[in-house]
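Report on the structure given below.
The values are calculated or read from the model by the stated rules, or taken from the named source; none is laboratory data. What you are looking at is a predicted structure, and each value in this text was computed from that prediction instead of being measured. Counting neighbours? That spans all protein chains shown, and the Cβs are built from the backbone with ideal geometry, glycine included. SASA here: full protein model, heavy atoms, side chains in, ligands and nucleic acids out. Shrake-Rupley method; radii C 1.70, N 1.55, O 1.52, S 1.80 Å.
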Amino acid sequence: ASSRSPLLDAADRVALSERLDVVNAALVTGDWATAYGVAVEADRAAGRLIARARALTLLEESGLDTAREGLVGEVDSLLRQAEADISRMSSLPGLGADQQLGMAFALGPPTQALAVLSWLRNAVEDADATSLASLAAVVADQEFALTVLGPDAEALVLASPSRGAGAQAARFASGYTDFLLGAARANLAYVDALGGMDQAPGGEIGRAHV
């Protein structure tokens with residue numbers, strides 16, 4: 001039998017269970033916004049913890065080179081997904097003016113993920129055993145943005161009512177996408193200014209400092 005510890009320790013499980021209790025209570029009272037928000041954050045937190053634990057397990061069982069190669073592969077796959085999502089969402093046909101403006105905000109998760117993953121590509125290649133697990137958690141954050149936050153935001157925009165499309169709205173959407181990418185790059189510069197890789201894990205990379 002394996003003596004390996006579970007992916008989530010007891011404290012992590014208790015914390016996640018408490019968040020799910022909040023979700024269930026919110027559902028009972030019809031507080032859908034709270035239920036969604038807390039559920040999303042619990043899902044994100046679990047993903048970070050599991051990614052970190054899996055990286056530590058792979059380091060122990062297969063060594064640094066294999067673990068690093070595997071994480072680089074994940075980053076490359078997510079980079080392709082981010083680029084594809086941005087391209088597709090930026091050119092959806094038939095959107096009204098309000099939907100085009102809303103789509104600029106929906107592009108936030110994949111645009112931010114693209115910038116962060118571009119930075120992570122080099123960081124992971126240069127990572128040592130101490131930093132690799134923390135970087136794996138940051139990679140998990142970007143996967144969550146691409147598979148949950150982005151699709152949810154897009155679905156909300158597509159389900160919303162809209163007026164007729166106009167060239168001005170389209171220009172605004174394009175310009176706002178550029179702004180989001182610039183903001184993400186500024187976040188990365190801020191992280192580097194604080195000391196680089198050690199400050200990257202923990203979700204701070206997603207906060208605006210522009």
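Summary of computed values
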| quantity | calculated |
| --- | --- |
| Theoretical gain in end-to-end length, Ser77 to Thr29 [0.36 nm per residue, Cα-Cα removed] | 13.3 nm |
| Net charge over other residues, Cβ less than 10 angstrom from the Cβ of Pro109 (K, R count +1; D, E count -1) | -3 |
| Sites Val148 and Arg121, calculated FRET efficiency, Cβ-Cβ separation with R0 22 Å, nearest 0.05 | 0.50 |
| Percent carbon-and-sulfur accessible area, the stretch 6-138, ignoring ligands, DNA and RNA, probe 1.4 Å | 56 percent |
| Per-pair calculated FRET efficiency, R0 = 22 Å: Thr57 and Val14 via Cβ, rounded to 0.05 | 0.50 |
| Length gained when the stretch Ser91-Glu41 is fully extended (0.36 nm per residue, less Cα-Cα span) | 15.0 nm |
